[in-house]
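The values are calculated or read from the model by the stated rules, or taken from the named source; none is laboratory data. Just so we're clear, the structure is a prediction, and the values are computed from it rather than from any experiment. Neighbour counts are summed over all protein chains in view; Cβ atoms, including those assigned to glycine, are modelled from backbone coordinates with ideal geometry. The area values use the complete protein model at the heavy-atom level, side chains included, leaving out ligands, DNA and RNA. Shrake-Rupley method; radii C 1.70, N 1.55, O 1.52, S 1.80 Å.
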Amino acid sequence: MALHRHSMAKQLAESETWLAGTLESLGEAVITTDRDDHIKSMNTLAQDLTGVDREDAIGLKLDHVYHISRDQVPTLDNSSQTLCCLTSRQGRSSYVDETVSPIRDNLGHIVGKVLVFKDITERKKAEDNLRKSQARYSNLFHNSGEGILLLSPSGRILDANDRLLELFGYEQSEIHKLTAENLFPEEVRGMSD
């Protein structure tokens, strides 16, 4: 009986080591809680992003460690997304993607939750820079005193600014049905010679 208990304890210890190693190997921060939102475990990435030592966090309520604010922001495709901003104990802010899933026992009862989050601050900065660049391009394109045409490699008109439409007497809805050859037949034929 004692040998069986020892074998079970060894298997349990190995299983816990395996689980801890798995959580540490993930490229994402992970915090688990019990059903009352008390932290049961967290990996090193979670510790780094929250600024709270794992030993200090165990047993604390999640909202004492995970300080998050959520805002609706525009995306590159002009829709919106919920942006999560995590503030560490030291006051450092990081944008994060987060997923929260229930932890269930073998009967299907919720016994806690797992919070998985990833620092996306650099991606968010790149998206903001791209959005600003697109706005500058759009402003230059649409407000230029010169007629500007954007063509596909095959010569199909993808876009034209207001000045070009004014010069040629087309509406935006009409211009997209044309090719460069329709507007500049001599020049296009000369390019292919």
For the stretch 73-85, does any single residue satisfy the condition of being without any contact (Cβ under 8 Å) to a residue 60 or more places away in the chain, open to solvent by 80 Å² or more (accessible area, probe 1.4 Å) and part of a loop (DSSP other than H, G, I, E, B)?
yes
Within the stretch 113-124, residues being within 19 Å of Gly27 (Cβ to Cβ) and either touching a Pro at 6+ places or on another chain (Cβ under 9 Å) or charged (D, E, K, R) (or both) number 6
Of Leu26, Leu45, Leu19, which residue is open to solvent by 80 Å² or more (accessible area, probe 1.4 Å) and either at pLDDT below 70 or among the hydrophobic types (A, V, I, L, M, F, W, C) (or both)?
Leu19
If Tyr170 satisfies every condition in (1) under 30 Å from Leu45 (Cβ atoms); (2) surrounded by 14 or more Cβ atoms within 10 Å (Cβ to Cβ) but one, which is the exception?
(1)
Reported set for the stretch 98-146 where residues are acidic (Asp, Glu), open to solvent by 70 Å² or more (accessible area, probe 1.4 Å) and assigned to a strand (DSSP E or B) is Asp119
Any hit, the stretch 133-151, residues being at pLDDT 90 or above, closer than 30 Å to Ile31 by Cβ and hydroxyl-bearing (Ser, Thr, Tyr)
no
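Scan the stretch 153-188 for residues that are closer than 19 Å to Ser138 by Cα and among the hydroxyl-bearing types (Ser, Thr, Tyr) and jot them down.
Applying the first criterion (closer than 19 Å to Ser138 by Cα) to the stretch 153-188 yields 157-166, 171-173, 175-176.
Ser173 - this is the single residue of the stretch 153-188 that is closer than 19 Å to Ser138 by Cα and among the hydroxyl-bearing types (Ser, Thr, Tyr).
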